[in-house]
1. What is the residue count in segment 64-90 for residues that are acidic (Asp, Glu), assigned to a helix (DSSP H, G or I) and in contact with a strand residue (DSSP E or B) (Cβ under 8 Å, 6 or more places away or on another chain)?
2. State all residues of segment 63-73 that are surrounded by fewer than 17 Cβ atoms within 10 Å (Cβ to Cβ) and touching a residue at least 12 places away in the same chain (Cβ under 8 Å); if no residue qualifies, say none.
3. Given (1) among the aliphatic types (A, V, I, L, M); (2) modelled with pLDDT under 65; (3) closer than 16 Å to Arg73 by Cβ, identify the lone condition not met by Val26.
Amino acid sequence: MAQDPDREDELQNQDQILNSHALDMVTLYRSSTIDGEMEAEMIRGILDSNGIPSIVTDTPYAGVLGTEVKVPRGKLREAERLITEARAAGPDAAAEAEAASEE
C-alpha cells in the first residue's frame, strides 16, 4: 500500500474499521447523584446524534447504585470531545438547537 499513495488517500477518507478490542464497551460517564440518570440520557442523545453508539446502564459500584454511559473503546476519544464541546457550548446552544428543530 505504501507504493500506492492514491489508495492511501482513499482509505483515509473512509470510516475506520474497528477491530474487536475497539468494539469493547468502556465507561464514558459514571454518576451516583440524583441527576446522574438525566445527565446520562442527555449524553446519550449527543452521542446518538453524532452517530456514536452508546448504552446507559444502572450499575452498582462501590456499594452504591449508579448510572453509566458506555461507548465502544474505539470511539471513546471522539465521544469525550463531543461531550466537552457540548458542555462548553452550554444551555444556550441547546436552546438554539431545539428552536431550530421546531421550525
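1. Just the residues of segment 64-90 that are acidic (Asp, Glu), to begin with: 68, 78, 80, 85.
After this cut, where a residue has to be assigned to a helix (DSSP H, G or I) as well, the list is 78, 80, 85.
Narrowing further to those that are in contact with a strand residue (DSSP E or B) (Cβ under 8 Å, 6 or more places away or on another chain): 80.
The qualifying residues number 1.
2. Restricting attention to segment 63-73, the residues satisfying the condition of being surrounded by fewer than 17 Cβ atoms within 10 Å (Cβ to Cβ) are 63-65, 73.
If the condition is that a residue be surrounded by fewer than 17 Cβ atoms within 10 Å (Cβ to Cβ) and touching a residue at least 12 places away in the same chain (Cβ under 8 Å), then Val64, Leu65, Arg73 are the ones that fit.
3. Among (1) among the aliphatic types (A, V, I, L, M); (2) modelled with pLDDT under 65; (3) closer than 16 Å to Arg73 by Cβ, the lone unmet condition for Val26 is (2).
The values are calculated or read from the model by the stated rules, or taken from the named source; none is laboratory data. Because the structure is predicted, anything quoted here is derived from the model rather than measured. Quick reminder, even Gly has a Cβ in these numbers, built from the backbone with ideal geometry, and neighbours come from all protein chains shown.
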